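Report on the following structure.
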Amino acid sequence: MDQRTPPQTEEGWYVLHDCRRIDWDAWRDAPDRTRDRALSEGIDFLEGYESLADSEAGQTAVYTVMGHKADIMILHLRPTMADLDAAERHFEQTEFAAFTERAYSYVSVTEASGYTEKAREYFEGDVDDDSGLAQYIQSRLHPDVPDAEFVCFYPMSKRREPDQNWYDTSFEERAAHIKRHGDIGRGYGGKVNQMIGGSIGFDDWEWGITLWSDQMTHIKELLTEMRFDPSTSKFAEFGQFYVGRRFDPADLPAVLSGHRVPTESTAGGHEASAHATATEAGTDHGSGHAGDADGHGNAHPGRPGEGDHPHTEETADADHPTGRDTDGSDHTDEDSSSGHSGGRPDVSGDFEEVEDAAGRLGRLGLQAGEAYDAGDYALVFHSSADAEDLVEAVGELAESFDHYDRHVATTVRAQSGQSYVVSIWTAKEAAETAAGFLGDLDGIEERVGGQLGEPSEDEADSSGEQTAASSQSIREELDAEGVYAGQPHGEDVYALVVYSEADTETLADDVADLRSAFDRYDTHVRTTIYRDPDSATTAVASLWDTEDAAGTASDYLTDLPGIVRRQGEGDGFGTMGMFYTVKPEHREEFVEKFDTVGGLLADMDGHRETALLANRDDENDMFIASQWDSKEDAMAFFRSDAFSDTVSWGRDVLADRPRHVFLA
């Protein structure tokens, strides 16, 4: 029988999963002075390794472990085996180690394999080191440990039974399995992070898989779906699973005392480092595994370079040409990483900037006003490959780019027997990042980019300034009428409201996931579910500090289940009275007053509808949504005596000053 072809691989950082069991009897019996020293040395060790005091690169994180298998897990990633060896022996020198015994450990090395065509080009040296693909694979080999709440680790091997022998299948069959497996993983992008560690010759299994997520059910759903894929059902064997929650080293006393982590001092991030005493740690040694923590993971699976066991991929800049995170805001990976980046590379590409970009597009049949707007930014990459051979790969890139608002178009053009790839974006910085991926296409030679003229004042207005000016004008008019409009505490707020017919509890779960993603960004104010007792629909209101952020978030809000309409769509003019925070003792009175005003509104010219909605989690927080035929009709009401009287009355029953918000 012929020997099968193994995939090419490249290795990165060495990995140690060190699972420890606490000797609770010894801990309870130890004097306070000994426990104080153990906690101090344990915190110093963990904080030192998380801050890379021992190495120029790598990652370290510590987790509780739920169940009987262990109590804590220390995860080390380091450039050399010697670094891991030293970390193991260094821990044993601490007083804290005396109260632990090793329950389990696993040694591996991060790995990328060449099953996809693009990955094989990388391993064969056909891809530049500074290309997007090369840098992406390097980011898989030198990953960030995400600041997600949950971790799940397990070892696995491929089956070698007579009728189910992974290693006796052809390279092509294995590659097909890997692709299908990766396709499943792609569905969990933004929910689950993964690190693959190859361990043939390192440990008892062939791979060590580490998954991270802010919801363990996401990991369960991912693995459940993959169990039904033939690459798993026919060829996979698994070891024990270890599940835990990340905690800050400064919370070690709380873990030892069975208290909820993170504690208040560390809930905002891995910043607190005060060493608690043994008295604070107590002698109640409960598991310390309960509670909820905030963290954020992000993943984009199934990219080039995945190995024999892909689930999802590390942050996957390769799928995010604008650097935009799960919630659509313009943030880079640096915003969401925890601790040291470990040298994660930028995936942007180089090109020569030219002044005649518009002329080049014109010669390729792409004209202003049709293919692009003045002020957009274009990349024009020349390729020695045939245009027909580029179409599929460029189409896949264009499909990925289309997820981002800044993408205008990406296409293949042919002229005089030459092939060109054109990619148009509304911003240069987005084009710069996309260039890294365009540069990986076959035969790319000349690479140029440039701005496509200057936008006229009218065009600039149409892309955002007109809306901003209009909103400001309205706010100024309302201010003149004594209404606080849009700038509480010195900052603007932009609002989006969508309406859903979905079951409220189902909607609440999805909104909680979305809110968790939005909370990563400073521009997010809040996202809240509001109920209208007179309607079968439920409203979701999302407030943002900037108009751009609100506009981007709208794409994700409209993906919520059961969405039937969005406030402000269609003709007419919409206003929202936000932050009607009613003093609890006046809530019933406020609702009665609204009914009275509603009767007056029904008789006003141009009024279509007005609804009072209450926060699902706080009935005293309300907003009022109104729809009018025109801005002039709405302003007529705001200038009326009825509205003035209502504002005066509200000062006595409201806990905070409301404001009117105009839709982004």
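Taken together, the values in this text are just the output of simple stated rules run on the coordinates, not laboratory data. Remember, it's a predicted structure, so these values are computed and weren't measured experimentally. Backbone-built Cβ (ideal geometry, glycine too); neighbour counts: all protein chains shown.
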For this session: Could you pull out every residue, at least 5 positions away or on a different chain, whose amide H is within less than 5 Å of the one on residue 583? Hs are placed 1.01 Å off N in the peptide plane, and Pro or chain starts have none.
Result: 654, 655
Seminar exercise, completed: Karplus-derived 3J(HN,Hα) from phi for the range 509-521 (6.51 cos²θ - 1.76 cosθ + 1.60, θ = phi - 60°), whole Hz, x at Gly and Pro, runs 5, 5, 5, 4, 4, 5, 4, 4, 5, 4, 5, 6, 10
Exercise. Once phi is turned into ³J(HN,Hα) by the Karplus curve 6.51 cos²θ - 1.76 cosθ + 1.60 with θ = phi - 60°, what whole-Hz value does each residue of the range 11-23 show in order, with x for glycine and proline?
Worked result: 10, x, 7, 8, 10, 10, 9, 10, 9, 10, 10, 7, 7
Exercise. Among rounded, prolate and oblate, which fits the range 1-72 when a ≥ b ≥ c are the square roots of the eigenvalues of its C-alpha gyration tensor, a/c under 1.5 means rounded, and a/b larger than b/c means prolate?
Worked result: oblate
For this session: Please label the shape of the range 102-185 as rounded, prolate or oblate, based on the square roots a ≥ b ≥ c of the eigenvalues of the alpha-carbon gyration tensor (a/c under 1.5 means rounded; beyond that, a/b larger than b/c means prolate, else oblate).
Result: oblate
For this session: Rounded, prolate or oblate: pick one for the range 118-257, where a ≥ b ≥ c are the square roots of the eigenvalues of its C-alpha gyration tensor, a/c under 1.5 means rounded, and failing that, prolate if a/b is larger than b/c, else oblate.
Result: oblate
Seminar exercise, completed: Normalised Cα Rg of the range 354-450, dividing by 2.2 N^0.38 Å with N its residue count, works out at 0.96
For this session: Hand me the chymotrypsin sites (Phe, Trp or Tyr not before Pro) from the range 596-639 located in a DSSP loop with no more than 13 other Cβ atoms within 10 Å, in residue order please.
Result: none
For this session: Would you pull out the residues with amide H under 5 Å of residue 80's amide H, same chain only if 5 or more places away, H placed 1.01 Å from N?
Result: 14
Problem set entry | Sorted by Cβ neighbour density within 10 Å, fewest at the top, the residues 184, 219 | 184, 219
Problem set entry | Qualifying GluC sites (Glu not before Pro) for the range 347-425 [loop in DSSP, other Cβ within 10 Å: at most 16] | 355, 370
For this session: Quick one: order 422, 354 by neighbouring beta-carbon count within 10 Å, fewest to most.
Result: 354, 422
Exercise. HN-Hα J couplings of the range 80-91 from phi, Karplus 6.51/-1.76/1.60, θ = phi - 60°, integer Hz, Gly and Pro as x?
Worked result: 10, 5, 4, 5, 5, 4, 5, 4, 4, 6, 5, 4
For this session: Taking the Cβ of each residue in 213, 170, 51 as the centre, tally the other Cβ atoms inside 10 Å and list the residues starting with the fewest.
Result: 170, 51, 213
For this session: Grab the other residues whose beta carbon is less than 14 angstrom from that of residue 161, score K and R as +1, D and E as -1, and report the net.
Result: +1
Exercise. Taking the range 32-123, which GluC sites (Glu not before Pro) meet the DSSP loop condition and have no more than 14 other C-beta atoms within 10 Å?
Worked result: 56
